[in-house]
């Protein structure tokens, strides 16, 4: 069993234990709090309650103030913090370009937050406009503006009523540089490699007067982040003076790292609220655990605010316009980040149709037009039954538009090779395709070349292939593939600008070989379902992935069978 899997099982077991042990509940003013078997006496303690990767689950915010009040009733000082990715994820926040999340966090009474990569989804200027309305402190120690200075304070110290000084430093994943539309973050630089650790250490050193030092780190523990050393557990090995990390980005449910590191994360979308307990007298962390929100109560005022936001969006986007006979797979792993899916097929078909029907790609023959979108941009499943515009927007929440680039066959091979470098491991750039018959041999090691460069010459977080060893293209729309031919790739403006692993697209696009249609991806999908599929997604059309992508994987070792006694 892998250490990561063991840690996940351990974390889930702890959550189950907290939620099932009746002897471990404390109740104050009607609010039930799940407490570990240690039966914590919250008097004389400071509790940091934390969230991460909320991604538009706005109704979850109402659990925070009620839980805070309960713990205060038990004698604790309470600090509320968030580790990023609150600005995007579904229409409840994305339609306001993240501002609804700020409004709710103000209502809850958050004290400190850091930035996630999705805070930049609507651009740097929009982010700073949102934060100007924030009534909490936002910190980040490793993101620099056009002037070369940090865009936000690196640290803050929160002093409790008991006089305990909690120092926080914020860290943003360097992967933001390639997980956000580069055109929206021009001039913004994210610290990479050793500079990341140096920025963190500098911030930690600034907190010398703090009694406890906590990292709010949007770094995660994903395997795909390990090669560059960008995980929270990698950071811990490179710095000194950190007592605990509240982590985010990988949506992991954990109360410690895979090797027992002092790292905790709640998962995503308010499945849990995290707690870090500090003894005010000894100034030491004495416990950390998760509160499953299914056992908590909501604050009425915040719940009403969330409801009003949801109802306004539902009224605008909630009308049913179609139905589906099949589940459209929006899963992450296994799913759109690891393999072809029926939802990926539907989206890329819709993108291609939205361009071809309007013309403008006459530079190539019709059978030379293909579609590619990054699997990491597909964020939700559509279940069997009615479909609303909100459902489609929840799948594609980032406001990306349909774009076209012209590349050679060799460049198309490079894009597929680079964007499946870690398969069968998950990667956000994994190509969901239309019109391309291709094979990926995952038994062959990726031939890692140099780091890709952004348009300004700075490094990205992904490596170009030194050679094409894993991917072959069999056919394009049923015709033989030609490495020297020119193909029109219908993609999204994020990938066209070099987002995720698609640096080769950026190079072509920046040379003037393409255009942005301005059509939002979700609108293209809605129109395709309505006009081409006549409002019904059938099992015959999209019941299964169409099978134009073939993966060769190593056979799993056969389990040994114990001989009969």
Helix 300-317 sits off the longest principal axis of the Cα atoms of the chain, rounded to the nearest 10 on a 0 to 90 degree scale, by 10
What distance in nm lies between label points placed 7 Å from Cα along the C-beta direction at residue 466 and residue 333?
2.5
Any idea how far apart residue 287 and residue 223 come out in nm if each label point goes 7 Å out from Cα toward Cβ?
3.5
Starting from the Cα of residue 555, step 7 Å along the direction of its Cβ; do the same at residue 320; then give the gap between the two resulting points in nm.
4.8
If one compares the long axis through the Cα atoms of helix 63-73 with the longest principal axis of the Cα atoms of the chain, the angle in degrees, nearest 10, works out at 10
On a C-alpha basis, how far is the centre of segment 272-319 from the centre of segment 45-114 in Å? Whole number, if you could?
6
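Stretched out fully, how many nm does the piece from residue 383 to residue 202 gain, at 0.36 nm a residue minus the Cα gap?
Working: separation 181, 0.36 × 181 = 65.16 nm, distance 4.76 nm.
Full extension from residue 383 to residue 202 adds 60.4 nm.
Assuming a ≥ b ≥ c are the square roots of the Cα gyration tensor eigenvalues, decide whether segment 65-206 counts as rounded (a/c under 1.5), prolate (otherwise, with a/b larger than b/c) or oblate. Provide the component values of the computation, followed by the final result.
Working: a/c = 2.45, a/b = 1.30, b/c = 1.89.
Taking the square roots of the gyration eigenvalues as a ≥ b ≥ c, segment 65-206 is oblate.
Send over the per residue convex hull volume for segment 319-552, Cα only, as a whole number of Å³.
Numbers: hull volume 25.9 nm³, N = 234.
Spelled out: Cα convex hull of segment 319-552, divided by residues, is 111 Å³.
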The chain: antiparallel DSSP beta bridges as a percent of all, rounded to 5:
65
Using only Cα atoms, tell me the angle between helix 521-531 and the longest principal axis of the chain; keep it within 0 to 90° and round to the nearest 10.
60
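Cut-off is 10 Å between beta-carbons; in what order do 296, 115, 67 appear when sorted fewest neighbours first? Present the calculation step by step, with values, prior to reporting the outcome.
Details: 296 21, 115 30, 67 25.
In order of increasing Cβ crowding within 10 Å: 296, 67, 115.
Computed from the coordinates by the stated procedures, all read-outs in this text should not be read as laboratory data. What you see is a predicted model; the values in this text were computed from it and never measured. Heads up, the Cβs are rebuilt from the backbone with ideal geometry, glycines too, and the neighbour counts pull from every protein chain shown.
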